[in-house]
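Taking it in order: structure first as structure tokens, then the write-up.
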Amino acid sequence: MQRSIAVVSLGGGLQEKLYAIAAAGFTQVELTESDLLLSDMRPDEIRQLLDEIGLSVSVFHAMSDVEAVPDPEFHRSLHRVERKFELMRELGAPLLLVSASTNPDAIDDDELGAQHLRKLAEKAAGYGIRIGYEASASARHVRKAGHAWNIVRRADHPGVGLVVDSFEALVGTGDATNLAAIPGERIFMVQLADAPSLQIDAVTLGRHFRSFPGQGVLDVAGFVANISDTGYAGAYSLEVLNDEVRAAPVRQSALDAMRSLTFIEEQIFHAGKMLRNSAFVESAPPALPGDASIGFIEFAVDASSRQALGHWLQSLGFSSAGRHRSKDVDLYRQGDVFIVLNAGRDTFAHYYHHLHGISVCAIGMRLSNPADVMARAALYQYKHYQERRGPQEYDMPAVRSPDGSLIHLLGSDYSAAQDFVLHETRTVSPVGINRVDHMARAVPPGQMGAWILFYRTILGLVPEKALNIADPHGTVSSTALRDRSNQLRLPLTCSDNSGTVVARALTNFGGAGVNQIAFETADIFSSVAAIRTNGMPLLKIPANYYRKLEEDRDVPQGLVRKLEEANILYDADGKGGEFFHAYTDFFGGRFFFEIVQRTGGYDRYGEVNSPVRLAVQARHKLRSTHD
């Protein structure tokens, strides 16, 4: 696969973007006139820089409203284009992209449009340049690729070909079905973009919310497979117009862009298709993990926060279970849940705590094939980390997450006894917690796509439908990812509004961080009773919630009274599944714990109750601020 990206997809100055694109592994770039206009580099200097860092120009955007317009306007364009061709020759750009005319005076006449493109191509041929014609959802008449192909075919000139865009085909025009019938040699450029499932018009979605493939919900891999069937052998170029991506660090965005193309190649490989120049022609990609589960959750703590968090864990029924053999690290356990409190000096946790305070600095992920997952991390250019270990301690290499925290890769043979001197110090009785149900992470605006791509490429998780949830101070966006066995659930939350509970957690963390850990129990009523007996207060749910539960959702009065007494929230899926959940307050304003029980195959997160929970948490945080 020849890999290209539109420079306009990234934020920053032209030189900075070009260096980041080359460092990420791209070989081609799309340039626009505005890229040049906003740069202080001359065209010859840009060409010299491109040559030095191993990039070439795949396509140049400089003309619009050229075809099927009144004659005077067309002749003006034909005169102006000479200077564009001179500029393209300086840049080494072989293809001029012409988007279908948006001019209100454009004429709905395919033959006229073909004549204009032919004349443009005849002039371009003298400069060694070809013309790529593209339909657009915002065009006056030519909105579909099939329509654009009809005009290209009528132009009947070897220098006129089609430019197709996955976003336009899958969202903007919905015209992806007939592309395989177009000869591959007449397709001059393929542009790729994904998009989230937002309820807004296609033009706004395309101008502000495009994402890199793998970060949205579109079948971009299927689109590429259809293009490949035509025999197309040219470049695949990312054209992602997204305000948040342009605001993100340019090197990170360029790396995510490259990862997205690798992800597309891998999907096509697994679909049994053969993509030309694919990285996986000679060797298969490393295998995705099968069933994955959380082996341990590690908190970075200091001496005082270790004691305070240890007390909280004991109130939730966790017992002190061991001390690390060579580090100042405590182990707590209940059921299959292992919590590690790391206060060691000269450790990753120590430096992570210095940057973020008390927080989840690492997760141990139990896998059947950790070596394959580490190889996947290298393939997708995620950094690895190796913690110092003592003699006979378990070797657990780690992958760095987008926020710098770690995912340790544990084999199925991992046992805490290899790293800890285990003991039984049961100061409280267990409360019935048996496993981690889900673990949510708050991420800054502009980082959601990077996390989705990370979880998909490294762990093979599948994103669920994105949700918008009301907080008293704004809106919280949420996307949950899970494995195919529904055992590993890792939701992501984000908010642009500075006053929301999620945004405040981000401020306290100094970046992304785990802000919610949900523990599963088989009997939430007895678990909650035991937690309260241990002295841990749970979030007080307003009486109005329970009145509405009884009135509007037809929940039996007896059950409502039990729920209210225990401050437990409730949801049902209408298919026999029920969900019960209760919350602690925030620990240090940073994260909180949730106790959940699922029955009857319930498969969601009780998100219908999230506005109530967020409102209560917001009031608690407001009171603590005033106090």
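The values are calculated or read from the model by the stated rules, or taken from the named source; none is laboratory data. These figures come from a predicted structure and were not determined experimentally. Because the Cβ atoms are built from the backbone with ideal geometry, glycine has one as well, and the counts that use them run over all protein chains shown.
Restricting segment 234-255 to residues that are part of a loop (DSSP other than H, G, I, E, B) and more than 30 Å from Pro183 (Cβ to Cβ) leaves a set whose member that is nearest to the chain's Cα centre (by Cα) is Ala248. Write out, first by first residue and then by second, each pair whose Cβ atoms fall under 6 Å of each other, whose residues are 6+ apart or on separate chains, and whose first residue, in segment 464-484, is more than 18 Å from Phe454 (Cβ to Cβ) and in contact (Cβ under 8 Å) with a residue 12 or more places away in the chain while the second is among the acidic types (Asp, Glu) and buried (at least 21 other Cβ atoms within 10 Å of the Cβ). From segment 464-484, no pairs qualify.
Quick check: is even one residue across segment 408-431 surrounded by 21 or more Cβ atoms within 10 Å (Cβ to Cβ), in contact with a helix residue (DSSP H, G or I) (Cβ under 7 Å, 6 or more places away or on another chain) and without any contact (Cβ under 8 Å) to a residue 60 or more places away in the chain? Yes; the residues of segment 408-431 include at least one that is surrounded by 21 or more Cβ atoms within 10 Å (Cβ to Cβ), in contact with a helix residue (DSSP H, G or I) (Cβ under 7 Å, 6 or more places away or on another chain) and without any contact (Cβ under 8 Å) to a residue 60 or more places away in the chain. Mind counting the residues in segment 333-364 that are in contact with a helix residue (DSSP H, G or I) (Cβ under 8 Å, 6 or more places away or on another chain) and among the hydroxyl-bearing types (Ser, Thr, Tyr)? Qualifying residue count, segment 333-364: 1. Candidates in segment 183-216 are the residues that are surrounded by fewer than 16 Cβ atoms within 10 Å (Cβ to Cβ) and hydrophobic (A, V, I, L, M, F, W, C); of these, the one that is farthest from Arg456 (Cα to Cα) is Val203.
Let's see how each residue does on (1) buried (at least 18 other Cβ atoms within 10 Å of the Cβ); (2) within 40 Å of the chain's Cα centre (by Cα); (3) closer than 28 Å to Pro183 by Cβ:
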residue	(1), (2), (3)
Leu49	no, yes, no
Glu82	no, no, no
Leu87	no, yes, no
Glu122	no, no, yes
Ala135	yes, yes, yes
Ala139	yes, yes, yes
Val142	yes, yes, yes
Ile151	yes, yes, yes
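Inspect all residues belonging to segment 19-30 and state whether any of them is within 26 Å of Leu238 (Cβ to Cβ) and among the aromatic types (Phe, Trp, Tyr). It would help to see each step written out before you state the result.
We begin by selecting, within segment 19-30, every residue within 26 Å of Leu238 (Cβ to Cβ); these are 19-30.
Adding the requirement that they be among the aromatic types (Phe, Trp, Tyr) leaves 19, 26.
Scanning segment 19-30 turns up at least one residue that is within 26 Å of Leu238 (Cβ to Cβ) and among the aromatic types (Phe, Trp, Tyr).
Given the conditions (1) of a type outside the set (S, T, N, Q); (2) part of a loop (DSSP other than H, G, I, E, B); (3) within 30 Å of Pro391 (Cα to Cα), and given that Leu422 satisfies all but one, which numbered condition is not satisfied? The number of the failed condition is (2). All conditions in (1) in contact with a strand residue (DSSP E or B) (Cβ under 6 Å, 6 or more places away or on another chain); (2) under 27 Å from Thr102 (Cβ atoms); (3) of a type in the set (Phe, Trp, Tyr) hold for Phe26, with the sole exception of (2).
Which one of these is of a type outside the set (Gly, Ala, Ser), part of a helix (DSSP H, G or I), under 30 Å from Asn486 (Cβ atoms) and in contact (Cβ under 8 Å) with a residue 12 or more places away in the chain: Leu313, Leu341?
Values: Leu341 fails: part of a helix (DSSP H, G or I).
Just one listed residue meets the conditions, Leu313.
Yes or no: Arg118 modelled with pLDDT of 95 or more, under 30 Å from Ala221 (Cα atoms) and part of a helix (DSSP H, G or I)? Considered against the rule, which asks whether it is modelled with pLDDT of 95 or more, under 30 Å from Ala221 (Cα atoms) and part of a helix (DSSP H, G or I), Arg118 comes out as no. Being on the phi > 0 side of the Ramachandran plot and touching a strand residue (DSSP E or B) at 6+ places or on another chain (Cβ under 9 Å) is the filter here; which residues of segment 44-83 pass it? Residue satisfying the conditions is Asp65 alone.
Among residues of segment 545-562 that are in the same structural domain as Val616 (by TED's automatic domain parsing) and more than 17 Å from Ser610 (Cα to Cα), those with a beta-carbon under 7 Å from a residue that is of a type in the set (S, T, N, Q) and outside any loop (DSSP other than H, G, I, E, B) at least six positions away or on a different chain give the pairs Glu550/Gln557. Restricting to segment 197-229, count the residues that are assigned to a helix (DSSP H, G or I), of a type in the set (A, V, I, L, M) and modelled with pLDDT of 90 or more. Total satisfying the criteria: 5. Would segment 468-484 turn up any residue that is buried (at least 21 other Cβ atoms within 10 Å of the Cβ) and assigned to a loop (DSSP other than H, G, I, E, B)? For segment 468-484, residues buried (at least 21 other Cβ atoms within 10 Å of the Cβ) and assigned to a loop (DSSP other than H, G, I, E, B): absent. Candidates Val245, Val281: the one that is β-branched (Val, Ile, Thr), under 24 Å from Gly231 (Cα atoms) and not assigned by TED's automatic domain parsing to the domain that holds Ala416 is Val281. With respect to being modelled with pLDDT under 95, surrounded by 17 or more Cβ atoms within 10 Å (Cβ to Cβ) and not aliphatic (A, V, I, L, M), Ser77 fits the description. Report whether or not Arg590 is assigned by TED's automatic domain parsing to the domain that holds Thr493, under 26 Å from the mean Cα position of the chain (by Cα), among the basic types (Lys, Arg) and surrounded by 15 or more Cβ atoms within 10 Å (Cβ to Cβ). When the stated conditions are applied, Arg590 passes them.
Those residues that are in a loop (DSSP other than H, G, I, E, B) and either farther than 30 Å from Leu50 by Cβ or without any contact (Cβ under 8 Å) to a residue 40 or more places away in the chain (or both), I need them from segment 94-115; list them, please. Talk me through it step by step, then tell me what you get.
Going through segment 94-115, the residues in a loop (DSSP other than H, G, I, E, B) turn out to be 94, 100-109.
Selection gives Pro94, Ser101, Thr102, Asn103, Pro104, Asp105, Ala106, Ile107, Asp108, Asp109.
Screening Glu393 on (1) part of a loop (DSSP other than H, G, I, E, B); (2) within 29 Å of Arg482 (Cβ to Cβ); (3) not assigned by TED's automatic domain parsing to the domain that holds Arg590 shows it passes everything except condition (2). Tallying residues that are of a type in the set (Lys, Arg) and either under 18 Å from Gln381 (Cβ atoms) or crowded, with 19+ Cβ neighbours inside 10 Å (or both) within segment 217-252 yields 1.
Residues that are buried (at least 18 other Cβ atoms within 10 Å of the Cβ) and either under 26 Å from Gly344 (Cα atoms) or among the basic types (Lys, Arg) (or both) within segment 368-386 comprise Pro370, Met374, Arg376, Tyr382, listed in sequence order.
Residues that are in the same structural domain as Pro463 (by TED's automatic domain parsing), touching a residue at least 24 places away in the same chain (Cβ under 8 Å), assigned to a helix (DSSP H, G or I) and in contact with a strand residue (DSSP E or B) (Cβ under 6 Å, 6 or more places away or on another chain) occur at least once in segment 513-525.
Yes or no: segment 500-507 includes at least one residue that is in contact with a Gly (Cβ under 8 Å, 6 or more places away or on another chain), β-branched (Val, Ile, Thr) and either surrounded by fewer than 15 Cβ atoms within 10 Å (Cβ to Cβ) or assigned to a loop (DSSP other than H, G, I, E, B) (or both). There is at least one residue in segment 500-507 that is in contact with a Gly (Cβ under 8 Å, 6 or more places away or on another chain), β-branched (Val, Ile, Thr) and either surrounded by fewer than 15 Cβ atoms within 10 Å (Cβ to Cβ) or assigned to a loop (DSSP other than H, G, I, E, B) (or both).
Apart from one condition, Pro402 fits all of (1) in contact with a Phe, Trp or Tyr (Cβ under 8 Å, 6 or more places away or on another chain); (2) farther than 27 Å from Ala450 by Cα; the exception is (2).
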